[in-house]
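Have a look at the structure below, then the notes.
The values are calculated or read from the model by the stated rules, or taken from the named source; none is laboratory data. Nothing here was measured: the structure is a model prediction, and the numbers come from that model. Heads up, the Cβs are rebuilt from the backbone with ideal geometry, glycines too, and the neighbour counts pull from every protein chain shown. Only protein heavy atoms, including side chains, enter the accessible area calculation; ligands, DNA and RNA are left aside. Shrake-Rupley method; radii C 1.70, N 1.55, O 1.52, S 1.80 Å.
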Amino acid sequence: MCGIVGYIGERQVKPVLLNCLYRLEYRGYDSCGIAVLEGDLAVYKDAVRVKVLDETLPQLIGGRAGIGHTRWATHGEPSQVNAHPHCDCTGKIAVVHNGVISNFQKLRRQLASEGHNFISETDTEVIPHLIEKYYEGDLEKAVAAALREVEGSYAIVVLRADEPKLVVARKDSPLIIAIGDRENFVASDVPAILDYTSRVIYLEDDDIGVVTSDNVKVSQHGVAVARKEHKISWSVKDAQKAGYEHFMLKEIHEQPKVIRDTIGGYISATEPIASLAMAGDTGLEDMLILACGTSYHAALVGKYMMEELLRVAVRTELASEFSYCGQTSAGSRVLVITQSGETADALKAIKKLKEEGCRVIVITNVVGSTASRIADQIVYTRAGPEISVAATKSFVAQLMALYWLALPYAKIDIRRLDSLVMGLRQLPGKVQRVLDNEAVISEYAQQLSKYENVFFIGRGVNFPVALEGALKLKEISYIHAEGYAAGELKHGPFALLGSDTPVVAIVAQDNTYEAMLTNIKEVKARRSPVIALVEEGNEEVKEVADSVITVPQVDVIFSPVVNTVVLQLLAYYAAEQRGCPIDFPRNLAKSVTVE
Ligand code: AGP
């Protein structure tokens, strides 16, 4: 979604802003722009990629302070005039903004009646005009006065002609200040600034900051506040492709390491499983898990896994629906899963849960993210920065966190527990074996890439894997894909089956096996080609499916991990075959910061 950068210091501002914008491209955008302070303000923007902006900018742009933005259109189509930065009537004040100003129409009418001239369709444009209205020689005060009128969410950076400083503010949209040596940066997220510094301050809601090249001052409602500096452990290398064609492929291949790192962060080689239990806890009672998208699929795997191992009832809800259906009781414990920690729907759900007196445990991959800061308890995954819009390694890391949360409370005999812990430790090797089978999987992907509709089916703990396989395929290859519980096909989707609609069947060696075999036969009877995922050594499924992809044997509880990696590779190679922009699929954004 939209990205923000800002710089003030001794370097030439143009290359710094462009470099930071390149680093934010993964968030998904349709337009971009910069404003630089060269005495006066100069604004350059258009509905183009950063590379095109870079190539068309005048060579000789001076200045040591500036702001930049990648826009993901919400109010008004992608166009030059709707791109950020936006300015006031005088052209002296420039603003970049992430979020949504919900009362912008009212503000716009009022400002227009006072003589302000609007040129874009955006909600953002009211902000520079409000600042202009309240400006009496003090930019910080004018920003504070303007924001008092504004409803909705925002992270903003404001630059004014002849004033060598950046004024920043946030509410319900992330913003960081990054500290350098006689230079400072502002960004909506960490990868933007990793080339320059790893020292970061996370702004809180209602903070207003004034950033100069050698000073950072933060206040709330006019009172100075101290914000802790954090050291980022991710390196620039973590956020680069490392020789892979796409971030997605690199991230798929990182999964053995991600599993090792995430599990390693929770347990040492010698630690007995019992000591994993959270201090003071006697068990996990009935549970609610909330999430969106791929994280929701992790939540569903968590449900099946916890219900089996813990024998508790686990409810899952889409965070985006929770406002309309969520019933909780005060004091209950709720798990929220969000890779980015910035998804607006997840944050809204967390706030609602906290108002209702629930205890919120957040599983997130981003240290310092908004979710991590408002949670009662945090379980970090260690996937490293995930750049590709399609979530891959973060999903597998979320599953590791869920196994870790569940296993200490499992109501199973000690032999099964020991074997699960051993199975968990062996997972990196098993995933590596799936990756070693990449060439075979890519051949099947090439077959799939020729179709326009594909079904994915699974049962039990592999039903969410079918959903995830379909989501991956549709988002990056644009092939229409549906994930179904295998038993549900005959309740409607059978009408769509035929020789032009292949079915990917995930067959697990558990109590769902016989039913899956029957489902494959039913699908074959409707002439749909079937690609089945089966455990190594299984000969029976080969007799009924058209093709078989084998996966290493694991306890069925861990089968979602190996099966999902196969489906990630299927999606990747199908998208590659179709020539799709894999890391930045159309219309999508990495972290969805609007409701
Ligand atoms: C999946 O590939 C997507 N990137 C998307 O569904 C994502 O999982 C969803 O937007 C939730 O994001 P979060 O985990 O950062 O909250």
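Observations, loosely collected:
- Quotient of Cα Rg and 2.2 N^0.38 Å for the stretch 322-440, N being how many residues it contains: 1.25
- At q = 0.11 Å⁻¹, base-10 log of I(q)/I(0) for the stretch 1-112 (Debye sum, equal scatterers on each alpha carbon): -0.33
- Solvent-accessible area, 1.4 Å probe, carbon plus sulfur percent, for the stretch 111-248: 45
- Each other residue within a Cβ distance under 13 Å of residue 422 adds +1 if Lys or Arg and -1 if Asp or Glu, for a net charge of +2.
- Between residue 323 and residue 148, the simple label model (points 7 Å from Cα in the Cβ direction) yields a spacing of 2.7 nm.
- Taking a straight Cα-Cα cut-off under 16 Å and skipping sequence neighbours fewer than 8 places away in the same chain, the aspartates and glutamates within cross-link reach of residue 303 are 285, 286, 317, 468.
- Under 20 Å from residue 45, Cα to Cα: aspartates and glutamates that are on another chain or at least 8 residues apart: 25, 30, 54, 55, 77, 88, 121, 123, 125
- Positive-pole candidate from 559, 226, 300, dipole of the chain, charges at beta carbon: 226
- Centre separation in Å (Cα based) which lies between the stretch 123-198 and the stretch 520-549: 57
- Remark: spin-label model distance residue 330-residue 181 equals 5.4 nm, labels positioned 7 Å along the Cα→Cβ axis.
- Relative contact order computed over the stretch 440-595 (Cα-Cα under 8 Å; 6+ residues apart), in percent: 29
- Among 149-157, 506-514, 24-32, the order from most to least packed when residues are scored by Cβ within 10 Å on average: 24-32, 149-157, 506-514
- Over the chain, equivalent-ellipsoid semi-axes from the Cα gyration tensor in Å: 45, 27, 22
- Between residue 359 and residue 315, the FRET efficiency estimated from the beta carbon spacing at R0 = 22 angstrom works out to 0.90.
- Per residue, in Å², the accessible surface of the chain once ligands and nucleic acids are set aside, probe 1.4 Å: 38
- Mean projected area in nm² (Cα convex hull; one quarter of hull surface) for the stretch 282-350: 4.7
- Computed over the stretch 75-119: relative contact order in percent, which uses C-alpha pairs under 8 Å that are six or more apart: 27
- Value of relative contact order over the chain, rounded to a whole percent, pairs C-alpha under 8 Å and six or more apart: 12
- Column: log10 I(q)/I(0), Debye, Cα scatterers of the stretch 40-91, q = 0.14, 0.15, 0.22, 0.30 Å⁻¹: -0.40, -0.46, -0.95, -1.37
- Given their separation in residues at 0.36 nm each and the Cα-Cα distance between them, residue 118 and residue 163 gain 13.8 nm when the chain is fully extended.
- Among the listed pairs 106/217; 430/490; 241/542; 250/524; 14/237; 92/231, those with a Cα-Cα distance over 30 Å are 106/217; 430/490; 241/542; 250/524; 92/231.
- Taking 0.36 nm per residue of sequence separation and removing the Cα-Cα distance, the residue 522/residue 500 pair yields an extension gain of 6.3 nm.
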